[in-house]
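Asker: Just passing along the structure, written as structure tokens.
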Amino acid sequence: MRGQRDGATVTANRVRNRGRRRLVGALAATVIMVGVLFVAVFPLQTYRTQRAATVKAESELRDVRKERARVKRETELLLTDGEIERQARGKFGFQRPGEETYNILPAPTDPIGLPETWPFTGLERALGG
């Protein structure tokens with residue numbers, strides 16, 4: 001008879017529909033998990049990276065501010081007459097009229113103790129030893 005189903009066909013359809021529902025459910029769960037990754041996990045990693053970059057930039061800013069303060073103090077010091085004179089005497093050897101300057105030479109170096117065999121023959125004398 002047309003329109004009637006036997007028990008085996010109905011059971012097979014139910015099993016097939018149950019399999020489809022499981023497949024659709026698994027697919028929906030996968031899509032939800034990917035959505036959670038995009039909404040929660042990936043931005044969290046970006047936030048951590050940006051936070052580390054911010055901490056590094058703040059540290060560099062502190063260092064630059066310290067260096068700037070040091071340079072400012074040094075600049076203010078270099079504007080004084082006493083510091084200008086000290087720098088001129090120390091770095092450039094300037095002197096006031098009537099003063100004598102003396103330069104202290106370093107002690108002579110000890111002769112090099114090289115063996116008297118070839119290829120060192122005469123090398124010690126050539127180097128001033």
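A short reminder: the numbers here are calculations on the coordinates, not readings from a lab. These figures come from a predicted structure and were not determined experimentally. Because the Cβ atoms are built from the backbone with ideal geometry, glycine has one as well, and the counts that use them run over all protein chains shown.
Asker: Starting from the Cα-Cα distance between E60 and R14, subtract it from 0.36 nm times their residue separation and give me the gain in nm to one decimal.
Answerer: Length gained, E60 through R14: 9.8 nm.
Asker: Shifting gears a bit: In nm, what is the difference between 0.36 nm times the number of residues separating M33 and R73 and their Cα-Cα distance?
Answerer: Extra length from M33 to R73 when fully extended: 8.5 nm.
Asker: For the pair R96/I84, report the inter-label distance in nm, with labels modelled 7 Å from Cα in the Cβ direction.
Answerer: Each label point lies 7 Å from its Cα, and together they span 1.6 nm.
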